[in-house]
Amino acid sequence: MSYDGAFLWGPAGFSGLPPARLVVEGVVVGAVTAGLVAGAAVAGVLTGFDTLGTVVGVVLALASAGYLLATNAGRVLVGAVALLGGILAWWIPGRTADAVLAARGESRTVVVTEVHVHRHEGRNHVKNSCSVRLLDGTPVPTEAWRGCGGDARPGRHLTMVFDPEDAVPPTDRVLPASAAAALASPAAASLALAALCCVAVIRSQP
């Protein structure tokens, strides 16, 4: 392989099947990277520190990319690992919240207390969001968006889905049919991240 090809994709300096040692190392690095990035993001949501979980996930993805770079992995594969890992760390918290609400969420009636009008500059588009409270007067920290249409007024009743354990904020979004459905795409992306790591390690053999 040319120098440029080796620089971009890894030298892969073996003929035939890759050595078993590299395959094992690749599987371990891939599984650990995907597991830690996804695990940090999920744990952040479940403990109420979703932003921290995302930051830790991004740091772990960059650490894995740094390890691959140090082992002479191809720069394209290293960049792909860092990028996909960062996207996963940012994306998984939202899907985890949806999974929690799909699994154990409870629908509750809320009352609109204030309507906020959002005008998008440069486009003839207006969208509303509603501040709401529970029927007992308790303010809800999350605004309603989907149910807050152009005819929304204070005093109107809307429905939102709440987590009875308060691990994730309530929402009026359309939720997936089940927790498995919510997490299917992130699981597939995590497997793709593990596979990328594995290929990067295998091709790093000088």
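The values are calculated or read from the model by the stated rules, or taken from the named source; none is laboratory data. Everything quoted here is computed from the prediction, not taken from an experiment. Note that each Cβ is placed from the backbone with ideal geometry, even for glycine, and that neighbours are counted across all protein chains shown. Calculation scope for accessible area: heavy atoms of the full protein, side chains included, ligands and nucleic acids excluded. Shrake-Rupley method; radii C 1.70, N 1.55, O 1.52, S 1.80 Å.
Odds and ends about this structure:
- Per residue, the Cα convex hull of the range 1-81 amounts to 80 Å³.
- Placing one equal scatterer on every Cα of the range 109-174 and applying the Debye formula, the log10 ratio I(q)/I(0) at q = 0.18, 0.20, 0.22, 0.28 Å⁻¹ is -0.63, -0.75, -0.87, -1.23.
- At a Cβ-Cβ separation cutoff of 4.7 angstrom, cysteine residues of the chain with no neighbouring cysteine are C197, C198.
- Label-point gap, in nm, between V32 and V76 - each point 7 angstrom along Cα→Cβ: 2.7 nm
- Surface/4 estimate of mean projected area, convex hull on alpha-carbon atoms of the range 45-137, nm²: 10.2 nm²
- Near V132, the amide H atoms lying under 5 Å from its own belong to T113, V140, A144; only residues 5 or more places off or on other chains count, and H is placed 1.01 Å from N.
- Among T113, T54, T96, residue whose mean-square fluctuation peaks in a GNM of the chain (springs only between Cα atoms under 10 Å): T113
- Taking all Cα pairs closer than 8 Å and separated by 6 or more residues, the relative contact order of the chain comes to 32 percent.
- Take 197-205, 19-27 and order them by the average number of nearby Cβ atoms within 10 Å per residue, most first; the result is 197-205, 19-27.
- Inverting the pair-averaged 1/r between distinct Cα atoms of the chain gives 19.5 Å as its Kirkwood hydrodynamic radius.
- When you restrict to C-alpha pairs under 8 Å that are six or more residues apart and normalise by the size of the range 106-184, the relative contact order lands at 32 percent.
- Charge sum, other residues only, whose C-beta stays under 13 Å from I202's C-beta, Lys/Arg counted +1 and Asp/Glu -1: +1
- For D50, solvent-accessible area (1.4 Å; no DNA, RNA or ligand), Å²: 80 Å²
- Peptide ranges 63-76, 33-46, 136-149 listed from the most packed, as the mean C-beta count within 10 angstrom indicates: 33-46, 63-76, 136-149
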